[in-house]
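Chemist: Sharing a structure below in structure tokens format, with a few things to ask.
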Amino acid sequence: MQTQSMNFIVDIDNVGKRIDVYLAEMIENMSRSQIQKIINNGNVTVNEKVVKNNYKLKEEDEILLNLPEPVMLKVEPEDIPINILYEDDDIVVVNKPQGMVVHPAPGNYSGTLVNALLYHCKNLSSINGVIRPGIVHRIDKDTSGVLVVAKTI
């Protein structure tokens, strides 16, 4: 597996800032929670030492962030009963029960709403890629509620 490395040198304006906050500000298209996972996996060092999310930056700290190559998942349709409230050619509205994971992720590669939707809806939008087809927004596993899923772009 290949990694992409990013290097940063902390300037005076960022002294005292948490490393997770700093990196989220410095890296476009990456959320603070994504950064925290990368840090927790030991993929961020400061001055060649692994740090925690709450590390406070010092002037001239040398930060090295290693991003592993993403692993592509193949999401399989599964015959899981779901409560479809409405469906037409463009959207499907689903009442997601509490406890159901919305999309595949580490630890939850099957049994998700996406797996069920792929089985029940033969044509989901490619918006948001393979892992989240048609899902523009999501709700957490422990939250129940209505989700509108795009079938067309």
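Chemist: Any idea which of ILE12, ILE63, ILE39 is in contact with a Phe, Trp or Tyr (Cβ under 6 Å, 6 or more places away or on another chain) and β-branched (Val, Ile, Thr)?
Modeler: Numbers: ILE12 fails: in contact with a Phe, Trp or Tyr (Cβ under 6 Å, 6 or more places away or on another chain); ILE39 fails: in contact with a Phe, Trp or Tyr (Cβ under 6 Å, 6 or more places away or on another chain).
Result: ILE63 is the single residue among ILE12, ILE63, ILE39 that is in contact with a Phe, Trp or Tyr (Cβ under 6 Å, 6 or more places away or on another chain) and β-branched (Val, Ile, Thr).
Chemist: Pairs please, first residue from the stretch 14-28 and in contact (Cβ under 8 Å) with a residue 12 or more places away in the chain and under 15 Å from LYS56 (Cβ atoms), second anywhere and of a type in the set (D, E, K, R) and in a loop (DSSP other than H, G, I, E, B), Cβ atoms under 8 Å, 6+ apart in sequence or on different chains.
Modeler: Qualifying pairs under 8 Å: VAL15/LYS58; VAL15/GLU59.
Chemist: Here is a follow-up. Check off (1) assigned to a strand (DSSP E or B); (2) closer than 27 Å to VAL114 by Cα; (3) not aliphatic (A, V, I, L, M) for THR45 and give me the number that stays unchecked.
Modeler: With (1) assigned to a strand (DSSP E or B); (2) closer than 27 Å to VAL114 by Cα; (3) not aliphatic (A, V, I, L, M) applied to THR45, the lone miss is (2).
Chemist: I'd like the full set of residues that are out of contact with any Leu (no Cβ under 9 Å at 6 or more places or on another chain) and outside any helix (DSSP H, G or I), limited to the stretch 18-41.
Modeler: Within the stretch 18-41, GLU28, ASN29, SER31, ASN41 meet the criteria.
Every number in this text was worked out from the coordinates using simple rules, so none of it is lab data. Quick caveat, the model's predicted, so the values are computed rather than measured. Positions of Cβ are backbone-derived with ideal geometry, glycine not excepted, and every protein chain shown enters the neighbour counts.
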